[in-house]
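A quick write-up on the structure given underneath.
The values are calculated or read from the model by the stated rules, or taken from the named source; none is laboratory data. Just so we're clear, the structure is a prediction, and the values are computed from it rather than from any experiment. Methodologically, a virtual Cβ is constructed for each residue, glycine included, from the backbone with ideal geometry; neighbour enumeration extends over all protein chains shown. Ligands, DNA and RNA are excluded from the accessible area calculation, which covers all protein heavy atoms including side chains. Shrake-Rupley method; radii C 1.70, N 1.55, O 1.52, S 1.80 Å.
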2 protein chains.
Amino acid sequence: MSRPCPQHQHPHRLIQQPLSDLTDKLRQGELKITAPRQAILDVLRKHSSPLTIKEIHTSLGKLDCDLATIYRNMHTLERMGLVRRYDFGDGAARFELSPEDSDAHHHHLVCSRCARIVELDDCFLNEFQDQLAHRHGFTQISHRMEFFGICPNCQAP
Amino acid sequence: MSRPCPQHQHPHRLIQQPLSDLTDKLRQGELKITAPRQAILDVLRKHSSPLTIKEIHTSLGKLDCDLATIYRNMHTLERMGLVRRYDFGDGAARFELSPEDSDAHHHHLVCSRCARIVELDDCFLNEFQDQLAHRHGFTQISHRMEFFGICPNCQAP
DNA sequence: CTGAAGATTGCAAACCGCTTGCATCTTCAA
DNA sequence: TTGAAGATGCAAGCGGTTTGCAATCTTCAG
């Protein structure tokens, strides 16, 4: 199934692309380069796991823009493929930068107590998902998968 | 991976247990047998795929109980293991009767346009999930997985 | 460099699914 | 039959998210 190669454990997490890269992508998408936009992308670049809107907002610190602005920007950036949205079932969407390889994706192991997030290897479901689509006549197939449990820190001593 | 045995395609969908069975389970759980409770279970027994609270409410028809009552009951029934909760990411929880084999579970293929739901075979992730828990030191591991796509009916003609 | 067009923002109000406090009603064991 | 525990209806409230609108900012052609 997935390969537990240690070097591959967190491959595309700390995304290294220079800011100019992102700026270019914004321009390509006919998006204007605004302070909130840049700051949001900055925050996401600094974190390795998905953040909620609130977390993004507080991480913005000095540049304290409106929540509605962040919500709107996350939609825009998602539509452009720059960020990816996750839903861990606690009622708040989370976002992280898309990996450079836009076809790749991965899943998460989330602690139900402290919400610590472990990023897993690249997904191994693509082949299965294609079979499924074919069998049931579906197109534009995709999937969501998350794992939940109690992380080592949260297990009673 | 999963076996596409046609007879097994929708094995535990139409749950056949007589109502008295459910009644017994309610009693065991020290739950009182009330009209809304019975009606909700009735509605779930008549449907093969997960229903939202709204759908349950309108399906109740004549017995038009309060939404809060349904919400509260779904919690209770879930805690008792009588129903299972699903989250397809559209912001509304969905519920279906638990299969008789309470260890078994399955996943869904959901049409992103019309919300048609295809019930899939029993899950094949248990082994993988256990490996994952062991590798990362997590306990009480569980997972969610859903597939999305455009169903045959919704594909442009 | 400037101004106009259009995108973006902040603010406030609204929305939606869901939860909760409270008074009243129902169930069920004794 | 009766009363305690549990369940319901109603209305208010909550958290995450969306939206209408007027003001502001980015961009680019001139």
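Across peptide A:127-137, the mean count of Cβ atoms from other chains lying within 10 Å of each residue's own Cβ comes to 4. Chain A residue nearest the rotation axis toward B, with distance: A:Met145, 2 (Cβ to axis, whole Å).
For segment A:16-100, the per residue solvent-accessible surface stands at 55 Å², with DNA, RNA and ligands left out and a 1.4 Å probe. Working from label points 7 Å from Cα in the Cα-to-Cβ sense, the B:Asn153 to A:Lys32 distance is 4.4 nm. Cross-link partners of A:Lys46 among aspartates and glutamates, defined as those whose alpha carbon lies under 13 angstrom from its own and excluding same-chain residues fewer than eight positions apart: A:Glu55, A:Glu96. Solvent-accessible surface (1.4 Å probe) assigned to A:Leu60 amounts to roughly 20 Å². Label-point spacing for B:Gln155 across the identical copies (point 7 Å from Cα in the Cβ direction), in nm and ascending order: 4.7.
Note on A:Tyr71: accessible area approximately 120 square angstrom, rounded to 10, probe 1.4 Å, nucleic acids and ligands left out. Taking all protein chains in place and a 1.4 Å probe, what share, in percent, of the accessible surface of segment B:105-151 do carbon and sulfur account for? Looking at segment B:105-151 in its full context, I get 48 percent from C and S. Could you compute how much accessible surface B:Met74 exposes when probed at 1.4 Å, giving the result in Å² to the nearest 10? Its heavy atoms expose roughly 0 Å² to the probe.
Bridgeable aspartates and glutamates around B:Lys54 (alpha carbons under 12 Å apart, same-chain partners fewer than 8 residues away excluded): B:Asp64, B:Asp66. The B-A contact accounts for approximately 3300 Å² of buried accessible area, totalled over both chains at a 1.4 Å probe radius.
Take each residue in A:93-103, count the other chain C-beta atoms within 10 Å of its C-beta, and the mean is 0.
Between copies, the label points of A:Leu63, set 7 Å from Cα on the Cα→Cβ line, lie 5.6 nm apart, reported in increasing order to one decimal in nanometres.
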